[in-house]
Amino acid sequence: MRVLAVDGPSGAGKSTVARAVGAALRERGVAVESVPTDDFATWDDPVSWWPRLVDGVLDPLRRGSPGRYRRTTWDGSVPRLGEWREVPVPDVLVVEGVSSARRSARPSLSLAVWVELAEEMRLERAVARDGESSREQLRRWQAFERGWFAVDGTRAAAGLRVASP
């Protein structure tokens with residue numbers, strides 16, 4: 001199994017890139033599964049949930065077994081663990097979202113893709129996606145991301161950089 005991480009800041013277009021790559025691979029007969037980091041992260045826990053992804057998805061898939069995890073769902077503004085999601089063993093696993101190409105994952109990645117867009121455009125795109133009521137949370141999230149990516153060196157470590165579609 002190959003693992004592709006599509007990383008970059010919020011609102012940059014990671015989901016769009018990941019969907020396009022998955023669709024192109026499927027057209028070629030490749031079995032693709034996608035796991036978004038949005039199924040794990042919350043405003044208060046942007047990155048420390050990673051062991052849930054490793055234990056529930058990455059490690060089982062590497063052993064040739066299906067993965068399984070509980071998605072984070074939102075009841076109003078309160079996140080909680082929701083329904084279980086089964087992840088069949090694919091030819092290519094696309095992990096998409098902020099911190100998907102984190103330093104600890106890089107040895108296991110086949111490719112890390114960095115998707116970028118100017119910060120002011122990203123905020124407006126994210127607000128259009130998530131609603132005006134999320135603007136302040138998104139500002140805090142984007143401040144966190146700047147620090148995370150600087151310390152993690154994510155952009156510099158990516159094997160491919162893509163300007164947002």
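The values are calculated or read from the model by the stated rules, or taken from the named source; none is laboratory data. Everything numeric here is computed off the predicted structure, so don't read it as measured data. For neighbour counting, all protein chains shown are included, and Cβ atoms are generated from backbone atoms with ideal geometry for every residue, glycine included.
In the stretch 55-109, of all residues being touching a residue at least 40 places away in the same chain (Cβ under 8 Å) and among the hydroxyl-bearing types (Ser, Thr, Tyr), the one that is farthest from residue 149 (Cα to Cα) corresponds to 108.
Screening 99, 104 for residues that are within 22 Å of residue 161 (Cα to Cα) and buried (at least 19 other Cβ atoms within 10 Å of the Cβ) leaves exactly one candidate, 99.
When restricted to residues that are surrounded by 15 or more Cβ atoms within 10 Å (Cβ to Cβ) and at positive phi, the stretch 2-36 contains 3. Taking the stretch 121-138 as the range and being surrounded by 13 or more Cβ atoms within 10 Å (Cβ to Cβ), among the basic types (Lys, Arg) and within 19 Å of the chain's Cα centre (by Cα) as the test, the residues that pass are 122, 125. Counting only helices (runs of 4 or more DSSP H) that sit completely within the stretch 59-165, those holding 3 or more residues that are modelled with pLDDT under 95 and within 19 Å of residue 38 (Cα to Cα) correspond to 119-130, 135-152.
Checked against (1) closer than 12 Å to residue 43 by Cα; (2) touching a Pro at 6+ places or on another chain (Cβ under 9 Å), residue 122 meets all criteria but (1).
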